[in-house]
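The values are calculated or read from the model by the stated rules, or taken from the named source; none is laboratory data. Nothing here was measured: the structure is a model prediction, and the numbers come from that model. Cβ sites come from the backbone with ideal geometry, for glycine too, and all protein chains shown count toward neighbours. Remember, those area values only see protein heavy atoms, side chains included, never the ligands or the DNA or RNA. Shrake-Rupley method; radii C 1.70, N 1.55, O 1.52, S 1.80 Å.
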Amino acid sequence: MGAIHSIQLLYTLSGFAVGLLVGLTGVGGGSLMTPLLILLFGVHPATAVGTDLLYAAVTKSAGSAVHGFNRTVDWRLVRRLAAGSIPMTIITIAALSFLDINGPLTRQLIGWALAFALLLTAATLLFRRAIVARYAPRLSPLSPDRIAFLTVIVGGILGVLVSISSVGAGAIGATALVLLYPKLPMARIVGSDIVHAVPLTLVAGIGHWFLGSIDWPIFAALICGSIPGILLGSYAAARFPETALRVVLALTLLAVAAKLSIGLFPSSANVVAVQTTPPH
């Protein structure tokens, strides 16, 4: 019993640490929690993704309520993103249902998608200003209808990526919105991105629930740690240099992506332990 309680405590502490980073930087939930569950705790990738999706839905609901109260949500953007993400999420979950969710093919698929999403998230954290400066002027002449269409497409891409890896709804979504809506205040972009992430992660999480890839004891332990972590991080955010935090987070994601990529080669002597760990 002591060992079980110790493991649960480690899950709770991990939830607190990730929640703290989310509160400080606004990103990093799925980007850190899913790899942490896979690499540190040996959780099966599908279970890590599914559990993290429901965890994200709950934790981001609190942030959505705050943004809604402060009126920093552009519901037009949320509807456009959801119009693409929700259908693609359902399609992706349906496609996963035809695979063995605990099989080697699904493990490889999730591993590659997660490594790709982590690299993309790290790139957006490090080079967001350069990306926006280079590409936003090229998108600004587009008509409102074309911008709306591209927003739906972005939502669809996020739906696929988040459903497979649980990563992408934060930094990647926000960067895409900045490119498409450069005149919109950053607070409304962040608020809209967070609010959209709630139905996205909830639908994807429910889909993984039906697939049997949710670990409820881990979910409960993560929630117990993440809520106070997010509250503390949000309170302390103004006292920390955001740029430095984003750089540290981006470098961490690059290191995690490299570690995951090494583990995707079964013949390598450096295969990570998760590949030999039986699924939960």
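Of the residues making up segment 84-93, none is open to solvent by less than 20 Å² (accessible area, probe 1.4 Å), under 29 Å from G212 (Cβ atoms), touching a helix residue (DSSP H, G or I) at 6+ places or on another chain (Cβ under 9 Å) and assigned to a loop (DSSP other than H, G, I, E, B). Against the numbered list (1) without any contact (Cβ under 8 Å) to a residue 40 or more places away in the chain; (2) farther than 17 Å from G168 by Cβ, R107 comes up short only at (1).
Put simply, of V18, V49 the only residue that is buried (at least 20 other Cβ atoms within 10 Å of the Cβ) and at pLDDT below 85 is V18.
Each row is one residue, and each column tells you yes or no for (1) closer than 24 Å to A56 by Cα; (2) in contact with a Lys or Arg (Cβ under 9 Å, 6 or more places away or on another chain); (3) at pLDDT below 75; (4) surrounded by 15 or more Cβ atoms within 10 Å (Cβ to Cβ).
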position	(1), (2), (3), (4)
G225	yes, no, no, yes
S234	yes, no, yes, yes
A238	yes, no, yes, no
T243	yes, no, yes, no
L251	yes, no, no, no
L254	yes, no, no, yes
A257	yes, no, no, yes
G263	no, no, yes, yes
S268	no, no, yes, no
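If you go through segment 180-220 and keep only what is within 19 Å of the chain's Cα centre (by Cα), open to solvent by less than 40 Å² (accessible area, probe 1.4 Å) and more than 30 Å from G103 (Cα to Cα), you end up with I189, G191, S192, D193, I194, V195, H196.
Can you say whether A82 is of a type in the set (A, V, I, L, M, F, W, C), at pLDDT below 95, out of contact with any Ser or Thr (no Cβ under 7 Å at 6 or more places or on another chain) and at negative phi, as far as the supplied structure shows? The answer is no for A82.
Reported count of residues in segment 110-125, each being under 26 Å from D215 (Cα atoms) and open to solvent by 70 Å² or more (accessible area, probe 1.4 Å), is 2.
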